[in-house]
Structures are given as structure tokens and as C-alpha cells.
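A short worksheet on the structure shown next.
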Amino acid sequence: MDSVSQLVLGASVTMAAMGRKVPLWQAAAVGAVCGTLPDLDVFLDHGDAIRNMTFHRTETHALLFLTLAAPLLAWLLAGMLRQRPLWVNWWIAIWLALITHPLLDLMTVYGTQLGLPLTDHPYAVSSIYIVDPLYTLPLLAGLALAFWRRGARGLWWNRLGLTLSTLYLLWSVLAQSCATQQVKAEIARQQLPAEQVLVSPTAFNTLVWRVLVMTPQGYAEGFYSLLSPQRPLQFSQHDRGAELYQRYKGDWYVDRVAWFSHGFFAMREQEGRLLITDLRMGEDPSYTFTFDLGAPEGLKDAKPVRLPSPRPSLSASFSTLWQRLYSGRGCGGRACTGNTVRSESRYASS
């Protein structure tokens, strides 16, 4: 999740755990810092762009390592604040602030290796977008009201904000499950030869879901709205570079992206350069993570470079969201035409 959400979650959790044992501002400040700590790994340079992407959310997000760090941090903090009798209380509060960070990250599509050192699997529920105001605003409101009202009433508001944000996370899982069920039924009806299916939320909401379908030779992208469940699901078809993958399979960088993306990736050659894209983040034609692996003949000696990805403006994002909610138009705010087809027209004879 975005840094603001992690910061206010840490502050809210710590405030709820410490109650009135310490000043509210003190609990919130400690929680905000602890809620941000795991993401400091973004400042570590692992040598190249693909390593930086795939080694993010690793040891600093591992539940075991964070659990071991919590008592040490609590002991240091209690000593610094001259609150040794509250060491155990700080231990619990700091532990909660630390572990809720990777647990919240788990809900996004990126992948969080929270099982280290037992497993490096990048777990991802993919039920909430990296920035979702409906998750963050209850936490912010609860904290603001807690500082305004103070005392027991203020703590009640903080707990309410924390409860509402948690319920929203649960809603996101339920909404994803409902969308996935309908999407898979439609894919079967259209006889789309799906090898893998990913249903993840579009920007800032949990009502419109992006559907990514990996097929033997390509991938298909569509959008499903919970407010328009009877609307026919339409897909745009794209090449995934299956032949390129077979040719360069075994290269560490290619295999690394294939593993990290859980198979949701595509390759292509462009102007004599080999490119690989994690298809889970962003949408066609603009993806968050596309890497230039270098010239095919010099692949082993090349250092991957992440290509810039243009982002739509906030107004354009909300305009697209509105159209996808109700009008059945899902291709960047315009009608789905051109290479966007109903899959049954292409695969009916398969």
C-alpha cells in the first residue's frame, strides 16, 4: 500500500494498543514510524532494476524477522522515554504496527515475501489497489477525531476508524470473490482457453475489476463492474511473446520476472532490444514495470533498465472509472473497438 496508508495504519494500531497509558501523540508518532520502517528497504540498491523490484518487500516484511525485532525496539524506546514499566505494552504495540504493514501489503497485487526465511514465495491477495481512499480515509478521520476529542471518547473514534478500514479490506476480498466467480463463468461460456486468470481492482476502488487472462499464445484484458453484472465481458487480445520466452528461458532475469509475476508477464522485441513486462500492475498499453534487458545477442552482459511508464492524470483516471462503472466502456475511457473483441468470436471453433 501507499506510504500514507501504512503511516496512519501504524499510528492507529499503536494508539489503540496503548490506550491512555501514554499521551495520544506519543503513541501515534511511534506507530507512524514503525508503520513506515519496513518500506525503508526501497533505499537499498541491489544492483539492477529487476533485483530492486523483486527484492523489495523481502526481509523487512518477513513476519518472523519483524516479530524478533519488536521486543528490541520496544526496549530501546521504553528506555529512551523512561517508561521501563511499559516495556511489554510497547512491545505489543510496536509488534502490531510492524506486522500490520506486510499484512496490508499482502492485500495488493505486488507480492510480499512475508514467509522468509521459510519461503520466498511472493504472496499476493490482489483485492485492493495500492491507493484506495476508502481504506485510508476512515483511519485518518479516526486519528483526527481522537486528537480532537481526546480521552476515552477520542480512543473510541480511533477504534471505529480502524474497524471501518478493516471491514473495507474484508469487503474487498468478498467483492473480488464475487467478481472472480462471474468472470470465470463468462470465460468458460466464451470458450477462452485460459491458463491463468487474475482479477484485481482498478485504481481507487473495489467496484471495477481488471481481468487478465493468460492464454497459450497471448493474454487478454477486460474489465468487470459489480454495478453492471449483466454487461458482456469484452477482452482486448495481445501477444505475450511465448516464442521469445521459450528462446530466452533460463536467463536469470527472464526467469526472475516470470517467477515474481506468477506467470503474468509478456516479452517483446523493440528496436533491437528485448523487453519484459510484469502485466499485473498497470494496464495496456501502460504498465508499471517494463524492463529493457538489452540486445538479444548481448543478453548475458546487459544490465536491465526499467523503462518509464506514463501515468494518466487523476481526472482521467476518475473519468475512466466512471465510464467502466456504468457505460460498458473500458478501454481508457473510450469504446472498446479495434483489437477489443468478444472472445467467443475468436475461440468458438477451438
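A few notes on this one:
- Treating each Cα of the stretch 155-307 as an identical point scatterer and summing with the Debye formula, the log10 of I(q)/I(0) at q = 0.13, 0.16, 0.19 Å⁻¹ comes to -0.69, -0.90, -1.11.
- Qualifying lysines (Cα of each under 22 Å from Cα of LYS249; at least 8 residues distant if same chain): LYS300, LYS303
- Under a 5 Å amide H cut-off, with hydrogens placed 1.01 Å from N, GLY218 pairs with ARG240 among residues at least 5 apart or on other chains.
- Value of Rg to Rh for the stretch 1-73 (Rh from inverse mean 1/r over Cα pairs, i.e. Kirkwood): 1.06
- Convex hull (Cα only) mean projected area of the stretch 243-297, reported in nm² to one decimal: 3.7 nm²
- Carbon + sulfur, % of accessible area of the stretch 75-194 - ligands and nucleic acids excluded, 1.4 Å: 70 percent
- Degrees, to the nearest 10: 87-105 long Cα axis against longest axis of the chain: 10 degrees
- Charge tally for GLU243 (other residues, Cβ to Cβ under 12 Å; Lys, Arg +1; Asp, Glu -1): +2.
- Over all pairs of different C-alpha atoms, the stretch 277-321 has a mean inverse distance whose reciprocal, the Kirkwood radius, equals 12.3 Å.
- Within the shell defined by Cβ-Cβ distances under 15 Å, the residues around MET53 carry a net charge of -3, with Lys and Arg each +1 and Asp and Glu each -1.
- Over 15 Å [Cα-Cα, the stretch 88-127], rounded percent: 47 percent
- Only protein heavy atoms count here; under a 1.4 Å probe, LYS249 has an accessible surface of about 120 Å².
- Separation in nanometres of the label points that stand 7 Å from Cα toward Cβ, at TYR123 and SER309: 2.4 nm
- Accessible solvent surface per residue of the stretch 152-269, calculated while the other protein chains remain in place, 1.4 angstrom probe, Å²: 44 Å²
- Using C-alpha pairs under 8 Å with a sequence gap of at least 6, the mean separation divided by the residue count of the chain gives a relative contact order of 14 percent.
- Surrounding net charge for THR288, when Lys and Arg each add one and Asp and Glu each subtract one, Cβ distance under 14 Å: 0
- Over the stretch 156-237, volume per residue of the alpha carbon convex hull, in Å³: 92 Å³
- Gyration tensor (Cα) of the stretch 1-158, equivalent ellipsoid semi-axes in angstrom: 28, 19, 12
- Cα→Cβ-extended label distance, 7 Å offset, between SER228 and ASP2, nm: 2.6 nm
- Equivalent-ellipsoid semi-axes for the stretch 240-334 (Cα gyration tensor, √(5λ), whole Å, largest first): 31, 13, 11.
- Dmax and Rg, reported as Rg then Dmax, of the chain (C-alpha, Å): 22.5, 75
- Solvent exposure, largest accessible area first (probe 1.4 Å, DNA, RNA and ligands not counted), of PHE55, PHE264: PHE55, PHE264
- For the stretch 247-289 versus the stretch 89-137, the gap between their alpha-carbon centres in whole angstrom: 25 Å
- Exposed loop sites here mean GluC sites (Glu not before Pro) with a DSSP loop assignment and at most 14 other beta-carbon atoms within 10 Å; the chain contains its longest site-free run at 1-194.
- Distant alpha-carbon pairs in the stretch 191-237 (separation over 17 angstrom), percent: 33 percent
- Solvent-accessible area of THR100, all protein chains in place: 30 Å² (probe radius 1.4 Å, heavy atoms, ligands and nucleic acids excluded).
The values are calculated or read from the model by the stated rules, or taken from the named source; none is laboratory data. What you see is a predicted model, and the numbers here were worked out from it, not measured in a lab. Using ideal geometry, Cβ is built from the backbone for each residue, glycine included, and neighbour counts are taken over all protein chains shown. We work out accessible area using only protein heavy atoms, side chains counted, and drop any ligands, DNA or RNA first. Shrake-Rupley method; radii C 1.70, N 1.55, O 1.52, S 1.80 Å.
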